[in-house]
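Contents: one structure, followed by commentary.
Every read-out reported here was derived from the displayed coordinates using simple, explicitly stated rules and does not represent laboratory data. Computed from a predicted structure; not experimentally measured. In this analysis, Cβ positions are derived from the backbone assuming ideal geometry, glycine residues included, and neighbour counts consider all displayed protein chains.
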Amino acid sequence: MNPLNRLDLYKEMVRIRQYESRILQEYHADKKPAWDIGAGLIPGEMHLSAGQEPAAVGVCAHLRKGDAITAPHRPHHFALAHGVDMNAMTAEIYGRDTGLCHGKGGHMHLFDPENHFSCSGIIAQGYPVACGQALAFKRKGTDHVAVAVAGEGAANQGAFHESLNLAALWKLPVIFVIEDNDWAISVPRSHSTANASNADRAAGYGMPGVRIENNDVEAVFEAAGAAIDRARAGEGPSLLEIHTLRLFGHFEGDAQAYRGADLDTVHDRDPIPRYAGVLKELGELSDEQIASIAAEATTEVDAAITFATSSPSPTADDALLHVFA
Amino acid sequence: MPDVGVVGIVANPSSGRDIRRLVANGAFVTTNDKVNMITRMLAGLRSVGVSSALSMTDLGGISASLADLAKGPASKAWPALDFVDQDITQSPADTTVAVHAMVAAGVGAIVVLGGDGTNAVVAEACGNVPIASISTGTNNAFPRSAEPTVVGIAAGLVAIGALDARDVTCRAKTLTVRSGERRRRALVDVTITAHASIASGAVWDSSTVREVFLCFAEPHRIGLSSIGGHIRTVRRGDPFGLYLRLGRPTVASVRVPLGPGLMANVDLAEFGELAIDRTMTAVTPFGMVAVDGERAFRFDPDDTVNVTLTADGPRAIDVEGVMELASARGLLARTALPP
């Protein structure tokens, strides 16, 4: 388990939040007056991860080069926390040729082979892929691990169950991370899932399952460290169910009428100011540092946006490139 | 048996799911397991004539499952089941609110499904209402193991007054820890650790432990109290507890089960009896106070942490004792028994 560095955890969460907040602004800026999801510099859907930073930062703090992550349609926090280049990622979101996939994938299809990061909007697709990655690590004799991230709704897909079964059977070094943000789009877990907690499902496959409450980055850090250590030591898979918080809508443009009173308190539960308060109480963070960390993140994000918006778009001649592997 | 009596039910939806499934070999206790235990317990309650049960409400699936089952044929073997009308915060405060409601409703006993921490929260709120515990936590030092059906019978007999509660309950000892305005109560242990934050909550690593104060120390238990159990056994009925200060120079060293499947070497620099109503002050200058194995709050060098052992804890039902008395008096006999 890597040693805990609270300031690093805080900085990374702020960096991700600054990114998501800026993408939110940029995404909406040119879709008015009538909402047109296809209009503007960032066309298509957008699923932002603000509020879910503790999950990504707590898990990725233990990963190293060569470890793999598969992520779902809400991938930005895990991508950034795992070291995906912000410029290339932003260019991809903007559909530019300098993007990770030369602008042809967009925000839900960020593929970074160098960092073994991939994501897709097909629900639960990452689980079997992570099992394949973990099998490769095991057969190569390395101690790398694969992390499969998805939401609580994805745990009702067949691919989830097939993956847990195979991972347990073959003792694969994979960590299944469920980000339970209470809403599968607009469906609460109680309406879709027979189990009150997806951590319980791990029992059926003979692997440890832990539910982490309070969206607490240090609680995630501790549990993820233990799960990743277990996997590196050859002890097999684990399941981490992280109760987290979706600050924004499922997608941008989501009016969230279904959320009711939950929306009234959502910003009171923001994990970043809460953690700043904890660090200040510990004497590990000052108001000056809060300001300078925010400024540093803003500078980096501004540079990424500038890189993306000044990059060329793919041309018609490129349309048939990269279609087949 | 008269058709009377109300029994309260507290079931912690979070117990048995924490990091000790990863860092130790903590067993799973799923929501379905807890619901199953409650159905068995309810059958036990009804069998001795308890007319109704009042359950806390939770968002962890327990009360929802019970409410659903209560509409079906299985519930014919149950007392009438009602639920506390409460706002859910998904924190220990939910248990406190529920127990207050149960006490106000005049329950004759409360059955608690949880670990040491859940029982401690119930103990703070239940006053003189006897409690019977079914273990669903990780270390489970306070709740004794018992089949839920039998716990239901025992709690039911106490609730309907078939037995004098004074004959079959004993006052648990408690530890009260105070630091400034902060105050918490423990049924098993108060521990001073080197942690700087609550994080995942559990205490499982002996290298982080500095001092332990114990209500009792039984050698057949796991968890922090096992350290004391192999230094000097202290029974639940003994008029004292134990304090332990870890470190060097070592006066004693033990190897004990600090968690399920987790053995640890523990070196002690000092230990001794903690008398009832005696207050001790933690000597560790700063760190974390943990209550019944869960990190609770931080303290700094400017803070004083005082720990007091008292004998005014909850009245814990001796399930085995109840059943022996019930057998001796033929309370479950349907006919006169031959001599």
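One table, with the values for the structure above:
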{"item": "Per-residue Cβ neighbour rank within 10 angstrom, fewest leading, B:323, B:37", "result": "B:323, B:37"}
{"item": "Prolate/oblate/rounded label for the range A:6-311 (Cα gyration tensor, a/c 1.5)", "result": "rounded"}
{"item": "For B:243, A:258, A:127, order by how many other beta-carbon atoms lie within 10 Å, fewest first", "result": "A:258, B:243, A:127"}
{"item": "Most mobile of B:295, B:46, B:182 in a GNM of chain B (Cα contacts under 10 Å)", "result": "B:182"}
{"item": "Residue A:284-residue B:304 FRET efficiency (beta carbon distance; Förster radius 25 Å; 0.05 resolution)", "result": "0.60"}
{"item": "Normalised contact order of chain B, rounded percent, pairs of Cα under 8 Å and 6 or more residues apart", "result": "19 percent"}
{"item": "Where labels lie 7 Å past Cα in the beta-carbon direction, separation of residue B:89 and residue A:8 in nm", "result": "3.5 nm"}
{"item": "Positive-end residue, the range B:174-310 charge dipole about Cα centroid, Cβ charges, pick of B:305, B:180, B:220", "result": "B:220"}
{"item": "Positive minus negative residues near residue B:19 (Lys, Arg vs Asp, Glu; Cβ under 14 Å)", "result": "-3"}
{"item": "Between the range B:254-276 and the range A:223-298, the Cα center-to-center distance that results, in Å", "result": "36 Å"}
{"item": "Loop-located trypsin sites (Lys or Arg not before Pro) in the range B:304-339, at most 15 other Cβ atoms within 10 Å (DSSP)", "result": "B:329, B:334"}
{"item": "Phi-based couplings in Hz for the range B:230-241 (Karplus 6.51, -1.76, 1.60; Gly and Pro marked x)", "result": "10, 9, 7, 4, 10, 7, 5, x, 5, x, 7, x"}
{"item": "Scattering curve values for the protein assembly as shown, log₁₀ I(q)/I(0), Debye with Cα scatterers, q = 0.05, 0.07 Å⁻¹", "result": "-0.27, -0.51"}
{"item": "Degrees separating the helix B:31-47 axis from the principal Cα axis of chain B, which is the longest one", "result": "50 degrees"}
{"item": "Distance from the range A:141-172 to the range A:190-211 (C-alpha centre basis), Å", "result": "13 Å"}
{"item": "B:181, B:147, A:288, A:152 arranged by Cβ crowding within 10 Å, fewest neighbours leading", "result": "B:181, A:288, B:147, A:152"}
{"item": "Fraction of antiparallel bridges per DSSP, the protein assembly as shown only, in percent to nearest 5", "result": "55 percent"}
{"item": "Prolate/oblate/rounded label for the range B:131-186 (Cα gyration tensor, a/c 1.5)", "result": "oblate"}
{"item": "Computed FRET value (nearest 0.05) for residue B:273 with residue B:327, which takes r as the C-beta separation and R₀ as 41 Å", "result": "0.65"}
{"item": "Sequence-separation-based contact order of chain A, relative, with Cα cut under 8 Å and 6+ spacing, percent", "result": "23 percent"}
{"item": "Cross-link pairs A:65/A:138; A:65/A:171; A:104/A:138; A:138/B:34 - those with Cα-Cα distance over 26 Å", "result": "A:104/A:138; A:138/B:34"}
{"item": "Virtual spin-label span in nm between residue A:317 and residue A:267, 7 Å along Cα→Cβ", "result": "5.0 nm"}
{"item": "Residue with peak Gaussian network fluctuation, chain B [Cα springs, cutoff 10 Å], from B:45, B:163, B:54", "result": "B:163"}
{"item": "Cα-Cα P(r), the range B:174-310, percent of pairs per 10 Å interval", "result": "13, 49, 34, 4"}
{"item": "For chain B: rounded, prolate or oblate by the Cα gyration tensor [a/c cutoff 1.5]", "result": "prolate"}
